Structure formats: C-alpha cells, structure tokens
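Asks: First the structure, then my questions, so here it is.
Any read-out appearing in this document is the output of simple, stated calculations on the displayed coordinates, not a laboratory observation. These figures come from a predicted structure and were not determined experimentally. Reconstructed Cβ throughout: ideal geometry from the backbone, glycine too, with neighbour counts over all protein chains shown.
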Amino acid sequence: MKVTYFQRKAIPNFHFSVEIIFSDVRKYLPDSVRYTIETSKYYSQGIFPRIYNALEAFFRQEGVNHVTGDINYIGLLLSKKRTIQTILDCVYMQRNSGLKMWVYKIFWVTLPVNRCKFVTTISEASKAEIVMFSRCDPDKVKVIPIALSPVFLPVERSYQWSKPRMLMIGSAHNKNQVRMIRALEGIDCRIQIVGQFEQEIKDLLDALKMDYVYQSGFSIDQMYKAYQETDILMFASTYEGFGMPLIEAQATGVIPVTSNISSMPEVAGEGGAVFVDPYDVQSIRQGVLNAIHDQQLRASIHKKGFENVKRFEPRRISEMYVELYKQI
C-alpha cells in the first residue's frame, strides 16, 4: 500500500504540531505501508504561493493522498476517491471575521471536506464543528486522536507545593493567559510561559509583581524538561481542538487545571484534571487552590491521568490510520 503525506512548509519556531503528530504516527506504520512525504515548496501565505502548492500536489499525488492539515486547500486538485483530509480544528474560524473567515470556511473546510473520501480530526468537539461548517455526512468524519510522543515519560519529581511552579503554553487569544494570570494574583508561585512574546502579558505580569519567566521556540525535548520542572499545568483555554499539553502533563505527572468546555474534558478524561470555567477568574483561582491544597485530589488525578494517556499510545493511533488507508 502506498501513502503520500502532504504537509505544509513549516515556519521555523512557529509551526510544530502537525509535523510532530505525523512523524510519530509514521514510526509505527507496518511494513506493508510504503510512504513518501511531500512538503509544499512555499509557506502557506498569499494567493500565488498557495496556488503553486496546490498545483505541485496535483502532480505528486500517488496511492492514498493524505493531506495532514493547515494546507487543506491543496485537496481541491487531488483525486477525491483517494484523498484523506486531516483538519485538526477550526480555530481560524474563531480568530477571524468577515471576508477572511469566509475564505477560511470555503477553502480550508467546506470545499476540501466535500472533495475527499474521508476527513480525520482529533476530537468529537472538532468533528461537530467540521460537520456544522461543511454540512457533510457525519459518518465521513473520523475521530483519530493525537498520538502522545514517546518522549513524555513519567518523571521522578519533588513537588513544591509551598511555592508551586506553574506552566502556561501558548499565547494566542484562546489560550486565556490574562484571566489565568489574574487568577494567580496573591498566590505565591512561579510562572513559566512558553509561547510567542506578547507585551500585554508581560505588562500584566509586571504590574502584579509575579515571579515569572517568558520563553519561546522550545523543542520537544525542551518541553519535556519544562514538564519535569512543573507542578501545575495552567491550561484554561476558551477553545481547543484537542489540547495536547493535557496529555503531556498527565504522562509526566503534572496536575492539569483546565477548562470544562470545548474538547478539554473529552481529552483529559473523567477525573483526569481540575476543571474550571475559563471565563470566570474566581473559578480558575479556586481550581488552582484545590490543586495546591488537596492532596487526595492530586493523588486521584495522577492515577486517572496515567490511565487516560493509554488511549493516545502512538501504535494504537497509527493502527487507526492504517485501517482508514485500507478502506481506500
């Protein structure tokens, strides 16, 4: 069986997720699957580079075509009966409005979904959005979660509950950093933020006299080290297609404080995190205090978290993709 993976040209120190996801999946493909990786020549920016990327994909298609995300528009020129589209989430619909949102809806969701055999996505929450925006048959959209990288192993650690270490990942608007930081006001803690620099976030941290470090451009090994030095993952986003840090935190023994909306309860699993209302600063604050002071709660989250991550083992996720390839 031949599979051609089409992936974007990743912007250095900005794009990671799609490339890491399918790199891990391919490590566990059986010998019966032969594959090639076709990376777009140009960044997915502007009209003419995107047209070139789509034409290039047309001439390189072979076997099962798997468009791995973020360049879904190239599927418009691929064979419909041999193409799988992966749409991780519809976050660009949340971040844009007007004409720009319409363009994303048509060329990243509606047309690509209707010009392929199957769509894969990473959560039931994302599936519901894809079906809503494209009006496709729900059976066409298959939920295949993200595989947990083998890098993230349990860590022997010494927790610091007298001054817990907080990790926040990402700085986009949906990451909800402002409310999470305000929720920590007056709590003796140290904050590590991994994400693109935002002056608004730094100004707020300085105004509240928080103990913090602000970093970006982390490799996967650096992220693992960050988890090793963390007690609580602050991940109360207002929107997530999946929320991979939740699984990474559970796998390494970090307590996640996350949102009770979107895909996050589905991903973290029942009892696998402290769940809060991301729009309510006091709810986030109380969730953090519960995590700090309730030892029994932490023990339960640890146990359920380690069980939950088994759902995301790379070999299992790879097998789910192979079964879909076989259907084509």
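Asks: Please determine, in degrees from 0 to 90 and to the nearest 10, the orientation of helix 314-327 with respect to the longest principal axis defined by the Cα atoms of the chain, where the helix direction is its Cα long axis.
Replies: Once rounded, one gets 20 degrees.
Asks: Give the relative contact order (percent, whole number) for the chain; include only Cα pairs under 8 Å separated by 6+ residues.
Replies: 16
Asks: Take Ser162 and Ile20, extend 7 Å from each Cα along the Cα→Cβ direction, and tell me the distance between the two endpoints in nm.
Replies: It works out to 3.3 nm between the two label points.
Asks: Let me ask you something else. For a label point 7 Å from the Cα of Arg95 along Cα→C-beta, name the residues of the stretch 65-85 whose backbone N is under 13 Å from it.
Replies: Label zone hits: 70-71.
Asks: What ranking do 186-196, 170-180 get when scored by the average of other Cβ atoms within 10 Å per residue, highest first?
Replies: The peptides rank, most packed first, as 170-180, 186-196.
Asks: Something else about it: Please report the Cα spread of the stretch 165-312 along all three principal axes, rounded to whole Å, starting with the longest.
Replies: 39, 32, 26
Asks: For Gln327 and Met132, what does the FRET efficiency come to when R0 = 25 Å and r is the distance between their Cβ atoms, rounded to the nearest 0.05?
Replies: 0.55
Asks: I need the per residue convex hull volume for the stretch 138-216, using only the alpha carbons, in cubic angstrom as a whole number.
Replies: About 158 Å³ per residue, rounded to a whole number.
Asks: Then there's this: In debye, nearest 20: dipole of the chain around its Cα centre with unit charges on the Cβ of K, R (+) and D, E (-)?
Replies: 1100
Asks: Here's a follow-up. Test of understanding: in a Gaussian network model of the chain with alpha carbons linked when under 10 Å, which of Met264, Met101, Met210 would top the mean-square fluctuation ranking?
Replies: In this elastic network of the chain, the residue with the biggest mean-square fluctuation among Met264, Met101, Met210 is Met101.
Asks: Between Leu111 and Asp203, what is 0.36 nm times their sequence separation minus the Cα-Cα distance? Round to one decimal in nm.
Replies: 28.9 nm
Asks: Give the long-range amide H neighbours of Thr120: residues separated by 5 or more places, or on another chain, with amide H under 5 Å away, using H modelled in the peptide plane at 1.01 Å from N.
Replies: Sorted by chain and number, the residues that satisfy this are Gln85, Thr86, Ile87, Lys142.
Asks: Follow-up. Kindly put His66, His293, His302 in sequence by how many other C-beta atoms sit within 10 Å of each C-beta, fewest to most.
Replies: In order of increasing Cβ crowding within 10 Å: His293, His302, His66.
Asks: How much FRET efficiency would the formula 1/(1 + (r/R0)^6) give for Ile37 and Ile220, where r is the Cβ-Cβ distance and R0 is 22 Å, rounded to 0.05?
Replies: Calculated transfer efficiency: 0.75.
Asks: Amide H to amide H, which residues 5 or more places from Asn65 or on other chains are under 5 Å from it, using H placed in the peptide plane?
Replies: Thr4, Thr83, Ile84
Asks: For the chain, what does -39500 (n - 2.57) per DSSP helix run (n ≥ 4), summed and divided by total residues, give at 222 nm, in deg cm²/dmol to the nearest 500?
Replies: -11500 deg cm²/dmol
Asks: Calculate I(q)/I(0) for the chain by the Debye formula, one identical point scatterer on each C-alpha and no solvent, and give its log10 at q = 0.14 Å⁻¹ to two decimals.
Replies: -1.12
Asks: What is the distance in Å between the Cα centres of the stretch 268-287 and the stretch 16-79?
Replies: Cα centroid of the stretch 268-287 versus Cα centroid of the stretch 16-79: 37 Å apart.
Asks: Tally Lys/Arg at +1 and Asp/Glu at -1 over every other residue whose Cβ is under 14 Å from the Cβ of Phe218; what's the total?
Replies: Spelling it out: positives minus negatives among the neighbours equals -2.
Asks: Same structure again: Report the gain in length on full extension from Val103 to Arg60: 0.36 nm times residue separation, minus Cα-Cα distance, nm rounded to one decimal.
Replies: Result: 12.9 nm gained on full extension.
Asks: A further question follows. Using only Cα atoms, figure out Rg for the stretch 52-158 and give it as a multiple of 2.2 N^0.38 Å.
Replies: 1.21
Asks: Tell me, Val18, Val274 in order of fewest to most beta-carbon neighbours within 10 Å?
Replies: Least to most surrounded, the residues fall as Val18, Val274.
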